[in-house]
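Peer 1: My structure is below; once you've seen it, I'll send some questions.
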Amino acid sequence: MRPSTARYIPSHSPSSLLRANSHSPRPPRPSTPNHRRHVTNTIEPAPAGGHLPSVATSSLLRMTREAALRAPGLRWKDEPDALRDRDHEAGEGTDGARETRKMNVYQAVRDAMGIALLKDDSALVFGEDVAFGGVFRCTMNLAEEFGRDRVFNTPLTEQGIAGFGIGLAAMGHTAIAEIQFSDYIYPAFDQLVSEAAKMRYRTGGQYDAGGLTVRAPCMSVGHGGLYHSQSPEGFFLGAAGIKVVIPRSPLQAKGLLLAAIRDPNPVVFLEPKILYRSAIEQVPTSDYELPLSRAEVLLPGDSLTLLSYGTPLYHCETALSLLRSPPPSLAHLIPASLRSAQVELIDLRTILPWDIHTVIKSVEKTRRLVIVHEAGRSGGVGSEIAAEVQKRCFLRLEAPVKRVTGWDTPVPLVFEKFYIPDAVRILDGVLETLMY
């Protein structure tokens, strides 16, 4: 028998510990009365959620009715006569009769689809398990409300779902398809890129798939790994003819989804799955839209442009908090002269076609750009934006464009937290760019 290679760890009985301590020097006896020290400075424990901003406490979310109704670019789509009557009865301004309700992202997505089904008799919602509410409950009770001939399940075939939606759109229907996870959108890639994106050009404008919207949950959730945490938006960058949209919050999700459903082009609408329940804000209950292909400046600044979309926006917010007020463990790494830097935070919102004007205008002002996204670096959205910015702003840049992204590996399982660009990695990128 092979001898064991296990290391022997001696046990320490109370007597052995006492013997060991008897040979060590005894500390001096305190000189205070009764030989006791009185501690006068106590450290207040951190709150349960920590001192740093999180999604739940983010200033990027609109927590009041007034803030929700003042969202930039918000366009009401109610019937003019009904709106005029309600505002007249309320005796207030244009938004006097508007109501808001606290929603999370999946409730806002459901609300948008409910409005689309209510106002458009040709609208259909379909996908795997959508008649049961979907795995994230985004279609909860829609089948009961609008009937199972308008909200129905499909076989487990992403290529079939996309092809069916293209056919419906070509016949004049409004097709709202769901791919259960964006990780499974690749079997539908040929249908979306070769057919949906090119149908208008191919037929000389006689037919198009503009009535097609494909919804899919995207980005990491903390433990989804290689088949449930991918960010495939970069694969569509070369597909002229479709649009790609990623919202950051409930109010954004509802307005952008309604705009995507009514847009004359096919749209891939990717929803960050970790925000389905964690992001909560006041959302108008009325029918409204937010503009596609228009970025939103969330925090103005003139020292650096920080550009992102979806979930990483909240990591960017945390990174900026660390920059302004670093904890003791990081304070020696952040020069005091940089803590007052005014960083301009931009939400890209529409990935394709992206808002070149807003981004270039900001970079010409700040002269520095950091791009953050969860997808891998090679061939990602950041690569295209960096190339365009370097071309248009080359003589004004004071530092190379910095990309803080996921790694060029499959999304790992237990190490998913090390894959996504967290607040510390973003802070490091911001500091490197500011000190260049």
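The values are calculated or read from the model by the stated rules, or taken from the named source; none is laboratory data. Predicted model only: the values in this text are computed from it and were never measured. Note that we place each Cβ from the backbone using ideal geometry, even for glycine, and neighbour counts take in every protein chain shown. Accessible surface areas use protein heavy atoms only, side chains included; no ligands, DNA or RNA. Shrake-Rupley method; radii C 1.70, N 1.55, O 1.52, S 1.80 Å.
Peer 1: Considering only residues that are hydroxyl-bearing (Ser, Thr, Tyr) and surrounded by 14 or more Cβ atoms within 10 Å (Cβ to Cβ), which ones fall in region 192-207?
Peer 2: Just the residues of region 192-207 that are hydroxyl-bearing (Ser, Thr, Tyr), to begin with: 194, 201, 203, 207.
Scanning region 192-207 gives a single hit, Tyr207.
Peer 1: I'd like the residue in region 180-212 that is part of a helix (DSSP H, G or I) and of a type in the set (Lys, Arg) and, out of all such residues, is farthest from Ala259 (Cα to Cα). Explain how you work it out, then say what you get.
Peer 2: Residues of region 180-212 part of a helix (DSSP H, G or I): 182-184, 186-196, 199-202.
Remaining after also requiring of a type in the set (Lys, Arg): 200, 202.
Values: Arg200: 20, Arg202: 25 Å.
For region 180-212, the residue satisfying everything is Arg202.
Peer 1: Looking for something modelled with pLDDT of 95 or more, assigned to a helix (DSSP H, G or I) and open to solvent by 70 Å² or more (accessible area, probe 1.4 Å) - is there at least one such residue anywhere in region 160-179? Outline the logic, then answer.
Peer 2: Narrowing region 160-179 to residues modelled with pLDDT of 95 or more: 160-179.
With the extra rule that they be assigned to a helix (DSSP H, G or I), the set shrinks to 160-170.
If we keep only those that are open to solvent by 70 Å² or more (accessible area, probe 1.4 Å) too, we end up with 164.
Looking for residues that are modelled with pLDDT of 95 or more, assigned to a helix (DSSP H, G or I) and open to solvent by 70 Å² or more (accessible area, probe 1.4 Å), one finds at least one in region 160-179, hence yes.
Peer 1: Tally up the residues in region 407-432 that are open to solvent by 80 Å² or more (accessible area, probe 1.4 Å) and out of contact with any Lys or Arg (no Cβ under 9 Å at 6 or more places or on another chain), please.
Peer 2: Just the residues of region 407-432 that are open to solvent by 80 Å² or more (accessible area, probe 1.4 Å), to begin with: 407-408, 410, 413-415, 417-418, 424, 428, 432.
When the remaining residues are screened for being out of contact with any Lys or Arg (no Cβ under 9 Å at 6 or more places or on another chain), the result is 410, 413-415, 417-418, 424, 428.
Residues that pass the stated criteria total 8.
Peer 1: For residues that are touching a helix residue (DSSP H, G or I) at 6+ places or on another chain (Cβ under 7 Å) and closer than 20 Å to Gly234 by Cβ, tally how many sit in region 325-353.
Peer 2: Initial filter on region 325-353 (touching a helix residue (DSSP H, G or I) at 6+ places or on another chain (Cβ under 7 Å)): 330, 334, 338-339, 341, 343-347, 349, 351-352.
Imposing the further condition that a residue be closer than 20 Å to Gly234 by Cβ reduces the set to 346-347, 349, 351-352.
Here the count works out to 5.
Peer 1: Quick one: which residue in Ala386, Ala336 is more than 14 Å from the chain's Cα centre (by Cα), free of Cβ contacts under 8 Å to residues at least 24 places away in the same chain, closer than 24 Å to Met219 by Cα and surrounded by fewer than 23 Cβ atoms within 10 Å (Cβ to Cβ)? I'd like the intermediate steps shown before the answer.
Peer 2: On the way: Ala336 fails: closer than 24 Å to Met219 by Cα.
Only one candidate qualifies: Ala386.
Peer 1: For region 354-368, give me each residue that is over 16 Å from Leu290 (Cβ atoms) and outside any helix (DSSP H, G or I). Spell out how you get there, then give the answer.
Peer 2: Here is the first cut: in region 354-368, the ones over 16 Å from Leu290 (Cβ atoms) are 356-357, 359-368.
Passing the criteria: Arg367, Arg368.
Peer 1: Return the residues of region 407-431 that are among the acidic types (Asp, Glu), assigned to a helix (DSSP H, G or I) and modelled with pLDDT of 95 or more; say none if nothing qualifies. Explain how you work it out, then say what you get.
Peer 2: Here is the first cut: in region 407-431, the residues among the acidic types (Asp, Glu) are 408, 416, 422, 428.
Okay, now just the ones that are also assigned to a helix (DSSP H, G or I), so 416, 428.
Scanning region 407-431 gives a single hit, Asp428.
Peer 1: Now for a separate question. Please verify whether Pro155 is open to solvent by 30 Å² or more (accessible area, probe 1.4 Å), under 26 Å from the mean Cα position of the chain (by Cα) and not β-branched (Val, Ile, Thr), treating the condition exactly as stated. Can you show your working first?
Peer 2: Working: open to solvent by 30 Å² or more (accessible area, probe 1.4 Å): yes; under 26 Å from the mean Cα position of the chain (by Cα): no; not β-branched (Val, Ile, Thr): yes.
No; evaluated as a whole, the condition is false for this residue.
Peer 1: Then there is this: Is it the case that Gly210 is of a type in the set (Gly, Ala, Ser), touching a residue at least 24 places away in the same chain (Cβ under 8 Å) and either surrounded by fewer than 18 Cβ atoms within 10 Å (Cβ to Cβ) or touching a Pro at 6+ places or on another chain (Cβ under 6 Å) (or both)? So that I can check it myself, show each step before the final result.
Peer 2: Values: of a type in the set (Gly, Ala, Ser): yes; touching a residue at least 24 places away in the same chain (Cβ under 8 Å): yes; either surrounded by fewer than 18 Cβ atoms within 10 Å (Cβ to Cβ) or touching a Pro at 6+ places or on another chain (Cβ under 6 Å) (or both): yes.
Answer is yes for this residue.
Peer 1: If I go through region 125-140 residue by residue, how many of them are under 16 Å from Leu212 (Cα atoms) and surrounded by fewer than 21 Cβ atoms within 10 Å (Cβ to Cβ)?
Peer 2: Initially, region 125-140 is screened for residues under 16 Å from Leu212 (Cα atoms), giving 125-127.
Restricting the remaining residues to those that are surrounded by fewer than 21 Cβ atoms within 10 Å (Cβ to Cβ) gives 126.
Within region 125-140, residues that are under 16 Å from Leu212 (Cα atoms) and surrounded by fewer than 21 Cβ atoms within 10 Å (Cβ to Cβ) number 1.
Peer 1: Additional query: Determine whether region 310-333 contains at least one residue that is on the phi > 0 side of the Ramachandran plot, open to solvent by 10 Å² or more (accessible area, probe 1.4 Å), of a type outside the set (S, T, N, Q) and under 20 Å from the mean Cα position of the chain (by Cα). Even if it seems obvious, please write down each step before you answer.
Peer 2: Within region 310-333, the first condition is being on the phi > 0 side of the Ramachandran plot, and the residues that meet it are 310.
If we keep only those that are open to solvent by 10 Å² or more (accessible area, probe 1.4 Å) as well, we get none.
No, there is no match, as no residue in region 310-333 is on the phi > 0 side of the Ramachandran plot, open to solvent by 10 Å² or more (accessible area, probe 1.4 Å), of a type outside the set (S, T, N, Q) and under 20 Å from the mean Cα position of the chain (by Cα).
Peer 1: Here is a further query. State the number of residues belonging to region 333-352 that are out of contact with any strand residue (DSSP E or B) (no Cβ under 7 Å at 6 or more places or on another chain) and either of a type in the set (A, V, I, L, M, F, W, C) or assigned to a loop (DSSP other than H, G, I, E, B) (or both). Write out each step before concluding.
Peer 2: First, the residues of region 333-352 that are out of contact with any strand residue (DSSP E or B) (no Cβ under 7 Å at 6 or more places or on another chain): 333-340, 342.
Keeping just the survivors that are either of a type in the set (A, V, I, L, M, F, W, C) or assigned to a loop (DSSP other than H, G, I, E, B) (or both) gives 333-336, 338-340, 342.
The total comes to 8.
Peer 1: For region 396-406, state whether one or more residues are open to solvent by 100 Å² or more (accessible area, probe 1.4 Å), of a type in the set (A, V, I, L, M), outside any helix (DSSP H, G or I) and outside the structural domain of Glu233 (by the TED database).
Peer 2: Kept after step one, since they are open to solvent by 100 Å² or more (accessible area, probe 1.4 Å), are these residues of region 396-406: none.
No, region 396-406 has no match at all.
Peer 1: I'm trying to understand the selection: among the residues of region 213-229, which are open to solvent by less than 40 Å² (accessible area, probe 1.4 Å) and not polar (S, T, N, Q)?
Peer 2: Initially, region 213-229 is screened for residues open to solvent by less than 40 Å² (accessible area, probe 1.4 Å), giving 213-220, 222, 224-225, 229.
Matches in region 213-229: Val214, Arg215, Ala216, Pro217, Cys218, Met219, Gly222, Gly224, Gly225.
Peer 1: Give the residues of region 230-244 that are of a type in the set (A, V, I, L, M), surrounded by fewer than 19 Cβ atoms within 10 Å (Cβ to Cβ) and over 20 Å from Thr311 (Cβ atoms), sorted by residue number. Break it down into steps so the answer makes sense when it comes.
Peer 2: The initial filter retains those residues of region 230-244 that are of a type in the set (A, V, I, L, M), namely 237, 239-240, 242, 244.
Those left that are additionally surrounded by fewer than 19 Cβ atoms within 10 Å (Cβ to Cβ): 237, 240.
Ala240, the sole residue that qualifies.
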